[in-house]
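Everything on this sheet refers to the single structure shown next.
Every number here is computed from the coordinates shown, using simple stated rules; none is lab data. Quick caveat, the model's predicted, so the values are computed rather than measured. Reconstructed Cβ throughout: ideal geometry from the backbone, glycine too, with neighbour counts over all protein chains shown.
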Amino acid sequence: MYIIGVDPGLRGGVATLGHGGEVLHLEDMPIRKIDRTHEIVVKELYNMLNRYDPSELRVFVEKVHSMPFTKPQAVWTFALAYGAILHILEMLEIPHTKVLPQTWQKVMMRDMVVSKVNSIHRARELFPASVIGKKDGLAEALLIAEYGRRLGHVQIL
């Protein structure tokens, strides 16, 4: 069984863990700039999620919603990205679970203050060979995948 964790933001990432928790792939969310905005490159994301047989794959996607006081353009861009991810998973018939940030953070950040910086620290602790840099999206994709691996089962939504 392969587990994929997805941090759906434009600065997000996609992490694939193998059977024993080893990191197989760790990639930034594929984006391109068009005029003054950014968007997900759907074909690249499709290819990233289509590497494995869906019957051997479980995907955990951070379940997100708009935040108060966020600019309408940012909400729109984020919603398009989130929708693209969910549609690709449906098209490929990949079992997936939407997990609230508070849910995976309660497990993965249990002894830390929840923050982007601490997500990076925890991911480095758990996956020292992975190149995360200062990218909280990659760190959180890894932590979401590890949360799913530890969960050991998937509820298909």
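Worth pointing out:
- Sequence-separation-based contact order of the chain, relative, with Cα cut under 8 Å and 6+ spacing, percent: 33 percent
- In the chain, taking the dipole from charged Cβ atoms about the Cα centre, the farthest positive-side position among 118, 148, 79 is held by 118.
- Distance histogram for the chain (every C-alpha pair counted, 10 angstrom bins, percent rounded to whole numbers): 11, 43, 36, 9, 0
- Counting only whole DSSP H helices of the chain, the ones at least 20 Å long by C-alpha along their axis and with mean Kyte-Doolittle hydropathy no lower than 1.0 are 72-91.
- Per-residue Cβ neighbour rank within 10 angstrom, fewest leading, 99, 107, 23: 107, 23, 99
- About the Cα centre, charge dipole magnitude for the chain (Lys/Arg +1, Asp/Glu -1 at Cβ), debye: 480 debye
- Note on region 1-69: the alpha carbon radius of gyration divided by the globular reference 2.2 N^0.38 Å gives 1.23.
- Note on the chain: with a GNM built from Cα contacts shorter than 10 Å, the maximum mean-square fluctuation among 21, 83, 133 falls on 133.
- Sites excluded, trypsin sites (Lys or Arg not before Pro) in DSSP loops with at most 14 other C-beta within 10 Å, longest stretch of the chain: 52-109
- Leading residue at positive end of dipole, the chain (Cβ point charges), from 97, 109, 138: 109
- Gain on full extension, evaluated as 0.36 nm per residue between residue 43 and residue 100 minus their Cα-Cα distance, stands at 17.9 nm.
- Mean projected area (nm²) of the alpha-carbon convex hull when region 73-130 is viewed from all directions: 5.7 nm²
- Cross-link reach list, lysines versus residue 134, counting only Cα pairs under 23 Å and skipping chain neighbours closer than eight places: 33, 63, 106, 116
- Net charge of neighbours whose Cβ lies under 11 Å from the Cβ of residue 19, counting Lys and Arg as +1 and Asp and Glu as -1: -1
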